[in-house]
Amino acid sequence: MSDHEGVASLLETITSRESRVSVIGSMNVDYTVTAERLPKPGETINGGPLRLLPGGKSANQAAAAARIGAEVRLFGAVGDDANARFLLEHLSEAGVDTSHVRSVAGPSGTTVITVDAHGENTIVYSPGSNAHVSVDYVHDAAGDIVASSVLGLCLESPMDTVTACARLGHEHGMTVLLNDSPFVDTLPAELIEACDVLLVNEHEMAQLLGVAEPEDGDWDKADWRDVAARMRTLGFAQAIVTLGGDGSVVLDGESITRIDPVPVHAVDTTGCGDAFMGTVLSGLAAGLSLDDSARAASYVSAFAATGMGAQASYGTSAQILAKLAQQ
């Protein structure tokens with residue numbers, strides 16, 4: 001069976017099974033502009049037209065999971081501005097259940113994104129309504145949150161809220177995945193204890209564990225057994241380290257699996273990590289292994305890199321397979 005056929009089977013499994021996922025956290029409107037290159041500090045450069053796109057790490061992860069067939073509930077808050085309707089409409093169109101999202105006074109979350117000609121980006125995040133996703137909200141929505149088998153968390157919500165939600169999921173037997181992004185180098189012990197899987201990129205992993213990055217950027221030379229041992233010492237027996245265009249590494253106890261990248265012409269890498277996370281959430285909810293979930297995620301995130309924006313670049317399983325078969 002070819003890699004393409006194998007991943008097609010994995011995506012079909014996600015689509016065909018009852019895969020229930022809960023995601024709690026952020027929804028943002030992304031103010032996105034493209035430029036030939038990213039500006040240096042204090043520098044003004046010319047850019048293209050400003051685009052408003054739906055985003056937010058949690059919303060992105062939920063949308064990616066729903067697009068490929070999972071049953072997804074998103075928990076969070078939007079403001080009382082025009083951006084709130086914009087965000088909820090796009091999430092509903094992706095198939096995400098937003099019925100538990102609260103409306104609060106003030107602006108919705110926003111990000112300001114610059115994308116260069118190579119698809120690299122810089123992002124500035126303003127929490128807005130996301131700061132109102134409180135511990136009390138988690139308690140109020142607890143019964144609906146734990147109705148799923150898998151819980152996805154990131155750090156665009158207050159840390160005490162994330163910790164309370166992780167503990168809730170853990171106590172009810174959910175598989176809890178934490179994306180340490182925006183990156184925090186010291187995670188609360190209570191949060192670590194309540195999480196099953198950590199997802200970080202290579203730079204976040206190096207900072208979190210105190211591992212030196214290879215000078216030439218070649219992570220194949222890294223001592224992944226040492227990384228896995230450090231992860232276990234930290235409290236994560238299972239973790240995935242994404243390597244951008246070089247694929248990812250799955251650390252599952254003593255097992256270390258290198259997941260190859262899917263070559264594409266990258267237009268915009270915004271939201272690719274969230275597409276990866278959303279796919280892993282869906283895969284685990286469908287009963288796939290961590291390795292197979294990451295293999296499927298490599299295809300879904302590669303497809304996302306071929307379009308502009310985060311949620312705007314996500315596709316269904318059929319769209320993803322058709323596109324990447326042509327690469």
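At a glance:
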item: Filter result for T122 (among the polar types (S, T, N, Q) and part of a strand (DSSP E or B)); result: yes
item: Selection from the stretch 295-312 of residues that are open to solvent by 10 Å² or more (accessible area, probe 1.4 Å) and not hydrophobic (A, V, I, L, M, F, W, C); result: R295, S298, Y299, S301, T306, G307, Q311
item: Selected residue [of a type outside the set (S, T, Y) and assigned to a loop (DSSP other than H, G, I, E, B)] from I24, I45; result: I45
item: Filter result for G307 (within 24 Å of D223 (Cα to Cα), free of Cβ contacts under 8 Å to residues at least 60 places away in the same chain and within 17 Å of the chain's Cα centre (by Cα)); result: no
item: Members of the stretch 209-264 that are in a strand (DSSP E or B), in contact (Cβ under 8 Å) with a residue 40 or more places away in the chain and of a type outside the set (A, V, I, L, M, F, W, C); result: Q238, T242, S248
item: Only listed residue being open to solvent by 30 Å² or more (accessible area, probe 1.4 Å) and at pLDDT 95 or above, chosen from D260, D292, D274; result: D292
item: The stretch 28-51, subset within 15 Å of S313 (Cβ to Cβ) and not β-branched (V, I, T), residue surrounded by the fewest Cβ atoms within 10 Å (Cβ to Cβ); result: R51
item: Scan of the stretch 95-120 for residues that are crowded, with 22+ Cβ neighbours inside 10 Å and small (G, A, S), ordered by number; result: S108, G109
item: Cβ pairs under 7 Å, 6+ apart, first in the stretch 96-116 and within 14 Å of A66 (Cβ to Cβ), second modelled with pLDDT of 95 or more and surrounded by fewer than 18 Cβ atoms within 10 Å (Cβ to Cβ); result: T98/S92
item: Only listed residue being closer than 29 Å to V133 by Cα, surrounded by 13 or more Cβ atoms within 10 Å (Cβ to Cβ), in contact with a Cys (Cβ under 8 Å, 6 or more places away or on another chain) and among the hydrophobic types (A, V, I, L, M, F, W, C), chosen from L199, L178; result: L178
item: Sole exception among (1) closer than 14 Å to G273 by Cα; (2) among the polar types (S, T, N, Q); (3) touching a Phe, Trp or Tyr at 6+ places or on another chain (Cβ under 9 Å) for T306, by number; result: (3)
item: Scan of the stretch 146-169 for residues that are within 14 Å of L198 (Cβ to Cβ) and assigned to a helix (DSSP H, G or I), ordered by number; result: V162, A166
item: Search result, residues across the stretch 200-249 that are under 20 Å from the mean Cα position of the chain (by Cα) and of a type in the set (A, V, I, L, M); result: V200, M205, A206, L208, M231, A237, A239, I240, V241, L243, V249
item: Answer from E156, E190 - the residue that is buried (at least 20 other Cβ atoms within 10 Å of the Cβ) and in contact with a helix residue (DSSP H, G or I) (Cβ under 6 Å, 6 or more places away or on another chain); result: E156
item: Criterion (among the charged types (D, E, K, R), touching a helix residue (DSSP H, G or I) at 6+ places or on another chain (Cβ under 9 Å) and not in a loop (DSSP other than H, G, I, E, B)) met by exactly one of R73, R85; result: R73
item: Count of the stretch 131-145 residues which are touching a helix residue (DSSP H, G or I) at 6+ places or on another chain (Cβ under 7 Å) and either assigned to a helix (DSSP H, G or I) or without any contact (Cβ under 8 Å) to a residue 60 or more places away in the chain (or both); result: 5
item: Residue satisfying all of: in the stretch 52-79; open to solvent by 30 Å² or more (accessible area, probe 1.4 Å) and in contact with a Gly (Cβ under 7 Å, 6 or more places away or on another chain); farthest from S181 (Cα to Cα) among these; result: R67
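The values are calculated or read from the model by the stated rules, or taken from the named source; none is laboratory data. Worth saying up front: this structure is predicted, and the values here are computed from it rather than measured. Positions of Cβ are generated from backbone atoms using ideal geometry, with glycine treated the same way; all protein chains shown enter the neighbour counts. Protein only, heavy atoms only, side chains kept; ligands, DNA and RNA dropped before computing areas. Shrake-Rupley method; radii C 1.70, N 1.55, O 1.52, S 1.80 Å.
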